[in-house]
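What follows is calculated from the coordinates using simple rules that are stated; it is not laboratory data. Nothing here was measured: the structure is a model prediction, and the numbers come from that model. Positions of Cβ are generated from backbone atoms using ideal geometry, with glycine treated the same way; all protein chains shown enter the neighbour counts.
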Amino acid sequence: MARKAKRSGPSPKAAAGRPRSTKKAAPEGARRIRGEAPFVSGAQAIDATLAQRVLDKALERGGHFADLYFEYRRSASLSMEDGKVRTAGGGIDMGMGVRVVVGSAVGYAYAESLEPEEMMRAAETASQIAKAGAAVAPVAIRSRRVKSVYPVLDEVVDVEGLARVELLRRADRAARAHDRKIKRVDASLVAVHKEILVVTSDGVMVHDLRPMVRISVSAVARRGKRTEVGSSGGGGRLGLGYFESVTPEAHGQEAARVALLNLDSRPAPAGTMPVVLGPGDSGILLHEAVGHGLEADFNRKRTSNYTDCIGKPVASPLVTVVDDPYIVGSRGSLNVDDEGVVPKEHRLIVDGKLRAYMHDRISAEYFHLRPSGSGRRESFRHVTMPRMTNTLMLAGHDDPQDIIRSVERGVYAVKYSGGQVNISNGDFVFSLTEGYLIEDGKLTAPLKGANLIGNGPEALRTVSMVGHDFQLSDGMWTCGKDGQSVPVGVGMPTVKLDQLTVGGTAV
């Protein structure tokens, strides 16, 4: 995983994707695509006729579903070390992937160009998964427009290089001005413009633009012989407007604050005790320890600890968890998933009971459900799988200060450097980059070397208080699964866990 911070937005809803046609199989060449394929400025246009030919080639051996995923990506990156520009880069990547589905078996191939011959060769390769079989039903495929939850006027990837350098210099100056003990500042900026086009054999042709920006700042503080580091970062599916709401100076000052705080930190206690999860970034614990187990491919394969638990209590009645792709500008938000399905908000756990899993097309068919828009992939080189978007625990009614006051001795967890989870049983380990000791209902010493160790379902069962202060973590998180990385969002309010194991060095 990657990391960091706080901010929320509205959450409109949209309808689920179009159900599959029930018409009978048609002769070869009967599938017809109509409408435009408005794919990518600066890249070769993909017209309906060409897409039709590739789909026909993919399905000529049989199979009940096929899709094409076209991608065009421009990126720009910049890094600064100790006030000096260290690297500046950029690139263009373009290609397409072909998938053929036969039951739960998948044939997949990709081409790193949009030349017709290369695409047809990829389709031929993907078709090898199917032996003789019925063709898919004839469906008139039309272009579909989707409402954007990440409209961007000025993308950072298009900003002139010196202007991007100045954004990082502003963060550098702010961190150094915060305190004389700040001795070094490093910063980086990454911007991406991504376009996709999905064409499927069951009636979908949909195009999407996906901007992304991310800034990261780290500061080194030194006092005597002791040196500590603090960091800050954020971004999302946004453009230059992000830096109007969260300035580079704010990230520089936050990195400096955490570095200085860590100069006064003391070894974390060890043992089982109450843990209060701070709002925002603590959502990463929810994402890792609970969210992955609710991705339907693990439950289809019966390797998740949540398998066969729909309708059963899996958490405290105070816990409601959703996966929401419609938070405006959030890093995990999607207008359409990578299978061409318009996603919907997933209410995964409601009042402690498991309500649903997150599905792609294959798992949805296995569970006899409609595709729900959770199919994601890292790039055209990768096949889709069920993935989270913005995974959140909804707010409760408790005052956050009352939650802290309720703890005689425990730990308050604020920021994390990531963690690990065992999907099959929910066991997790997370490292804190900012945490505090709670003594007699008050925050006292900052802690260093603290780890949170536990089991996701068991931890959720110990939730006894949920704050009304929901925050969305600022956009810095990246989720890894089966070798693929995708951007995600997390968020939650202040939450009290009655007991959790804290790994530390102090007795």
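The table that follows gives values for the structure above.
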quantity: Estimated dipole of the range 271-503 in Debye, rounded to 20 [Cβ of Lys and Arg +1, of Asp and Glu -1, Cα centre]; calculated: 480 debye
quantity: Estimated inter-spin distance, Thr505 and Lys301, nm [label 7 Å along Cα→Cβ]; calculated: 3.8 nm
quantity: Modelled FRET efficiency - R0 51 Å, Thr87 with Asp399, Cβ distances, 0.05 increments; calculated: 0.65
quantity: Furthest towards positive pole of dipole, His346, Ala109, Thr272, structure part the chain, Cβ charges; calculated: Thr272
quantity: Cα centre as origin, Lys/Arg/Asp/Glu Cβ charges: the range 388-475 dipole, Debye; calculated: 220 debye
quantity: Potential lengthening between Glu408 and Thr272 on full extension [0.36 nm per residue; Cα-Cα distance subtracted]; calculated: 47.6 nm
quantity: For the chain: span of alpha carbons on each principal axis (Å, largest first); calculated: 76, 56, 33
quantity: Peptide ranges 61-67, 195-201, 90-96 listed from the most packed, as the mean C-beta count within 10 angstrom indicates; calculated: 195-201, 61-67, 90-96
quantity: Potential extension, Leu443-Glu166 segment - 0.36 nm per residue separation minus Cα distance; calculated: 96.0 nm
quantity: Mean ellipticity per residue at 222 nm, deg cm²/dmol - from DSSP H runs of n ≥ 4 across the chain, formula -39500 (n - 2.57); calculated: -5000 deg cm²/dmol
quantity: Test item: Cα-centred dipole of the chain, Lys/Arg +1 and Asp/Glu -1 on Cβ, debye; calculated: 100 debye
quantity: Hypothetical label at Arg53: residues of the range 91-127 whose amide nitrogen lies under 14 Å (7 Å Cα-Cβ projection); calculated: 114-124
quantity: Fully extended contour minus Cα-Cα distance, from Ser424 to Thr227, at 0.36 nm per residue; calculated: 67.0 nm
quantity: Euclidean distance between Cα centres, the range 296-372 to the range 490-507, Å; calculated: 25 Å
quantity: Karplus-derived HN-Hα couplings along the range 427-441 (A = 6.51, B = -1.76, C = 1.60, θ = phi - 60°), whole Hz, x at Gly and Pro; calculated: 5, 9, 9, 10, 9, 8, 9, 8, x, 9, 7, 9, 10, 6, x
quantity: FRET efficiency, 1/(1 + (r/R0)^6) with R0 51 Å, evaluated for Glu124 and Ile310 via beta carbons; calculated: 0.80
